[in-house]
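Trainee: After the structure tokens below, expect a handful of questions from me.
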Amino acid sequence: MPAPVRRTIVRAATPGFTVGAVLVLVHDGRVLALSQPHRVGWSLPGGLLDAGEPPHRGVEREVREETGLRVRVGLPLTTQVNAVRRRVDVVYRVEVRSAPHVAPGGEAVAARWLTPEEVVAGVDGGPAADGPTREILSLVARAGEPGAHDGVLLDADA
């Protein structure tokens with residue numbers, strides 16, 4: 001079967017996923033959390049990628065739009081794949097020594113430095129974070145655990 005036909009069949013039969021990029025910006029054990037009208041509870045800066053946009057550029061753009069901050073990210077820390085929601089988030093982490101001034105904009109209406117636990121549980125009587133935000137913070141916490149990146153070869157003959 002010719003390659004173009006094969007690619008068309010695979011694309012038609014494969015479920016589509018949306019792809020986003022998210023930044024966990026850390027200062028003194030706290031993360032920058034945003035309040036956005038379209039999200040429940042506090043969330044993290046980031047959003048969907050534009051067509052053809054690499055994840056690192058997408059997260060840098062989204063952070064600038066939502067916070068006024070200019071960041072340059074390195075390699076992703078982890079990737080969150082939610083098969084039920086058919087969404088993939090490429091997660092970056094940047095740690096800063098001093099808390100920069102944040103100017104919420106775009107979709108963000110407020111910003112606070114909160115512990116990951118406060119983001120997840122909600123603060124000041126506010127709602128708990130939504131599922132994707134909780135999943136991402138859980139992944140980030142586990143990525144820093146000893147052995148998190150180790151693997152085991154189960155069958156050398158496979």
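Trainee: Calculate the tail of P(r) for the stretch 102-141: the fraction of all Cα-Cα distances greater than 17 Å, expressed in %.
Mentor: Working: 283 of 780 pairs.
Taking all Cα-Cα pairs of the stretch 102-141, the fraction more than 17 Å apart is 36 percent.
Trainee: Out of the total accessible area of the chain (probe 1.4 Å, heavy atoms of protein only), what percent is carbon and sulfur?
Mentor: Using a 1.4 Å probe with all protein chains present, the chain comes out at 55 percent carbon and sulfur.
Trainee: Under a 1.4 Å probe, what is the accessible area of the stretch 94-158 per residue, stated in Å²?
Mentor: Per-residue value: 66 Å².
Trainee: Kindly express, to the nearest 10 degrees and within the range 0 to 90, the angle between helix 3-13's C-alpha long axis and the longest C-alpha principal axis of the chain.
Mentor: For helix 3-13, the angle is close to 50 degrees.
Trainee: Which of Gly52, Gly41, Gly131 ends up with the largest GNM mean-square fluctuation for the chain, with Cα atoms connected below 10 Å?
Mentor: Ranking Gly52, Gly41, Gly131 by mean-square fluctuation puts Gly52 first.
Trainee: Dividing the alpha-carbon radius of gyration of the chain by 2.2 N^0.38 Å (N being the number of residues), what value is obtained?
Mentor: Here the Cα radius of gyration is 1.19 times the empirical estimate.
Trainee: Another question, then. Please check: in the Gaussian network model of the chain (C-alpha springs, under 10 Å), which one of Asp124, Asp89, Asp50 has the largest mean-square fluctuation.
Mentor: Sorting by GNM fluctuation, first place goes to Asp124.
Trainee: Next question. Could you list which residues have their amide H under 5 Å from that of Thr78, counting only those 5 or more apart in sequence or on another chain, with H placed in the peptide plane?
Mentor: Sorted by chain and number, the residues that satisfy this are Val91.
Trainee: In degrees from 0 to 90, rounded to the nearest 10, what is the angle of the helix 55-67 Cα long axis to the longest principal axis of the chain?
Mentor: 20 degrees
Trainee: Now for a different question. Size of the dipole of the chain about the Cα centre, Lys and Arg at +1 and Asp and Glu at -1 on the beta carbon, nothing else charged, in debye to 20?
Mentor: Magnitude of the dipole: close to 540 debye.
The values are calculated or read from the model by the stated rules, or taken from the named source; none is laboratory data. Predicted, not measured: the structure shown is a model, and the values here were computed from it. Cβ: placed from backbone, ideal geometry, glycine included. Neighbour counts: every protein chain shown. Areas reflect the complete protein model, heavy atoms only, side chains present, ligands, DNA and RNA absent. Shrake-Rupley method; radii C 1.70, N 1.55, O 1.52, S 1.80 Å.
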